[in-house]
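I have placed the structure first, in the form of structure tokens, so that the comments after it can refer back to it.
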């Protein structure tokens, strides 16, 4: 913080007469409404492309069908997670953990290379704010019209515009909440339940809660979420270094700033005409010319705004641009900046990310859809049966995570002459989990008294070859 | 319901809880009123900590929104203690109990699965046993409730009867099996050493018992033991074939609940046996027991069912 609270107190006490003995030093700053001006340009188009991409996926995905069911559905009640051809069970939780690690490392990598790319282009807070601001612009007009409207006393016209805006926001928010719940309750059922008002209490809660959060965050909170609530905004600096691309004002080129006549040549002035466009478009209300600030979400709106101004005054673009601290200090060429992007930090992040992504997809591809657990009957150690054979009883917990039936062969190995005394083939219906009791026999004398290591094996008798193995012990009574 | 030994402890805890809440409220209130002293020269009291040359730490109250969150926790706490159990042994206005939740869950499950069992309950046990779906349900029930003693394969172990053979202590008709599961069984054999006489007599009777089932035995001892067997015949019958009405074992087959060696039989005669199968009616209910009984009967009567 640049301003010392002590100085603040000093001013307060000097102003008030006579000076009070005690005071509450108030550090709270009321929010000043920010009216971001619309920016148009290359980066705005990128941002909108990200809005379209993320939202088409988010709103569209629940409506896709796959093999007669919803393509992406997280069925919490049945504890099954359907993602196109893949069905994940609670046992596959490790994939979620890995996915989160991948997300984290992607974030590290992107941030090390390009600063707050996530914040500026893909974060839901940014994306929904973008959508909500678009609605606001369509209904209340441009930045100056909105400021004028807010200063006006209440009138029928103002009330009409405001209610139209909030109604539109509310509709988008509710649809967002509806879509969110559509990932957990089949979306067609949900639509029917919504139309007939037959939603369950939790569905009501989550649609309204998620909708309210969307409305509140994108409509009202906006940059405050990034400035005060988001933890990522605060720890990103640990991934920044002097070669990270950040949105930078070229001070050497721009200063001294100043307004100038269109016809007279600028006298001793830099390229910045101090039009404050970069400040007006900023969604967090900062002045990028003060350097890198924690409030900057990296949306590049100021780059677009400045570029169009530079075009108009006939100066080269890029007074505000993606650049690095090193590049500013040492006047690096874009080529040098690119070369410096491949520094150890980026390479390490990249290598780890690549490794985890590889492991993730490799393990998904090699994942066996049948799971096996062996539980030995503890009630008896082992029994002697006909011909002096020793018998142990096991319960095989077999789980078919596929959406089609499987026929499997049970095999057991580890002791000479070991064999199943129960049928060795078992059929499992789609997504069935079953306990199969099996009896295993070994000839007398082929195993030493006590516990012997054995191994069960399941082999698919149909479809793609697949083997699942599980260790167990065989107990021979003394 | 009070689990305290005396009413004092309930009041003790309630008073501590209320004092704790009141203490928190007073602390919050005084802290939110705290003000920082400003000295005549305009400087203020700080905690004395200073960083980065000019960053000092004031002793301000916490932000208002934060204080309000604390106040809300107090309101929540009081409301909670009024509605739910928590204040000493006060049960709360809503009458909530954890057993109530369990019962509600049980009721839901019954509503969901009850009709499946109800469908079978009105069918004859043999008809139910012929239904593969009922057998699959029965197997799951068996693996959950019966397998601990009788084994996952229902073949039992020492002291726990094998349910896949056709030898029954208390009767193998489907209805008899159902009765056994519903009400349990208590199989008792008294110690017979005193009634039989000497250790020698016990050994002789044991060999006579072995001879009944055609097992390996000592003919001389068996002949000597035969007259002594009269003491056993009261329960096991003169021919040793047992009596299912009182659960006495058939000694003429090669099925042994505790083992068929001469030593084990002598131990059984000397010490007697006491064996309990618990009753399941209260725990599982008639409908589930019906399906279970059909499954158990199927193990020895439907080919392949016990594999």
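The values are calculated or read from the model by the stated rules, or taken from the named source; none is laboratory data. Just so it is clear, the model here is predicted, and its values are computed rather than measured. Glycine also receives a Cβ, built like all others from the backbone with ideal geometry; neighbour counts cover every protein chain displayed.
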- Message: Here's a check for you: in region A:361-381, which residue that is in a loop (DSSP other than H, G, I, E, B) and more than 9 Å from chain B (Cβ to nearest Cβ) is surrounded by the fewest Cβ atoms within 10 Å (Cβ to Cβ)?
- Response: A:367
- Query: Is at least one residue of region B:27-34 in the same structural domain as residue B:87 (by TED's automatic domain parsing), part of a helix (DSSP H, G or I), surrounded by 11 or more Cβ atoms within 10 Å (Cβ to Cβ) and without any contact (Cβ under 8 Å) to a residue 12 or more places away in the chain?
  - Reply: yes
- Query: Just checking, which of B:173, B:104, B:136, B:118 is under 21 Å from the mean Cα position of the chain (by Cα) and not assigned by TED's automatic domain parsing to the domain that holds residue B:231?
  - Reply: B:104
- Note on region A:311-333: residues in contact with a strand residue (DSSP E or B) (Cβ under 9 Å, 6 or more places away or on another chain) and part of a helix (DSSP H, G or I) are A:325, A:327, A:328
- Query: Any residue at all in region B:242-258 that is assigned to a loop (DSSP other than H, G, I, E, B) and more than 40 Å from the chain's Cα centre (by Cα)?
  - Reply: no
- Do the conditions hold for residue B:142, that is, is it on the phi < 0 side of the Ramachandran plot, in contact with a helix residue (DSSP H, G or I) (Cβ under 8 Å, 6 or more places away or on another chain) and buried (at least 20 other Cβ atoms within 10 Å of the Cβ)? yes
- Subset of region B:35-60, residues farther than 23 Å from residue B:71 by Cα, more than 8 Å from every other protein chain (Cβ to nearest Cβ) and in a loop (DSSP other than H, G, I, E, B), comes to B:39, B:41, B:45, B:52, B:53
- Note on the structure: Restricted to region A:382-394 and to residues being outside any strand (DSSP E or B) and surrounded by fewer than 19 Cβ atoms within 10 Å (Cβ to Cβ), the residue nearest to the other protein chains (Cβ to nearest Cβ) is A:386
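Rundown of residues vs (1) more than 25 Å from residue A:436 (Cα to Cα); (2) buried (at least 17 other Cβ atoms within 10 Å of the Cβ); (3) in contact (Cβ under 8 Å) with a residue 40 or more places away in the chain, yes/no style:
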{"residue": "B:241", "(1), (2), (3)": "yes, no, no"}
{"residue": "B:250", "(1), (2), (3)": "yes, yes, yes"}
{"residue": "B:272", "(1), (2), (3)": "yes, no, yes"}
{"residue": "B:280", "(1), (2), (3)": "no, yes, yes"}
{"residue": "B:288", "(1), (2), (3)": "no, yes, yes"}
- Item | From B:109, B:136, B:154, residue being loosely packed, with under 15 Cβ neighbours inside 10 Å and either within 11 Å of another protein chain (Cβ to nearest Cβ) or not in a helix (DSSP H, G or I) (or both) | B:136
- Selection status of residue B:90, assigned by TED's automatic domain parsing to the domain that holds residue B:31 and either surrounded by fewer than 11 Cβ atoms within 10 Å (Cβ to Cβ) or outside any helix (DSSP H, G or I) (or both): yes
- Taking only region A:409-430 into account, find how many residues are at positive phi and under 46 Å from the mean Cα position of the chain (by Cα). 0
- Query: Can you spot a residue in region A:395-409 that is away from every other protein chain (no Cβ under 14 Å), out of contact with any helix residue (DSSP H, G or I) (no Cβ under 9 Å at 6 or more places or on another chain), under 23 Å from residue B:159 (Cα atoms) and surrounded by fewer than 16 Cβ atoms within 10 Å (Cβ to Cβ)?
  - Reply: no
- Task: Answer with yes or no whether residue B:233 is farther than 30 Å from residue B:144 by Cβ, without any contact (Cβ under 8 Å) to a residue 12 or more places away in the chain and surrounded by fewer than 17 Cβ atoms within 10 Å (Cβ to Cβ).
- Result: yes
- Message: Given the options A:177, A:160, name the one that is surrounded by fewer than 18 Cβ atoms within 10 Å (Cβ to Cβ) and either assigned to a loop (DSSP other than H, G, I, E, B) or out of contact with any strand residue (DSSP E or B) (no Cβ under 7 Å at 6 or more places or on another chain) (or both).
- Response: A:160
- Number of positions in region A:16-58 that are modelled with pLDDT of 80 or more, assigned to a loop (DSSP other than H, G, I, E, B) and either in contact with a helix residue (DSSP H, G or I) (Cβ under 9 Å, 6 or more places away or on another chain) or away from chain B (no Cβ under 14 Å) (or both): 11
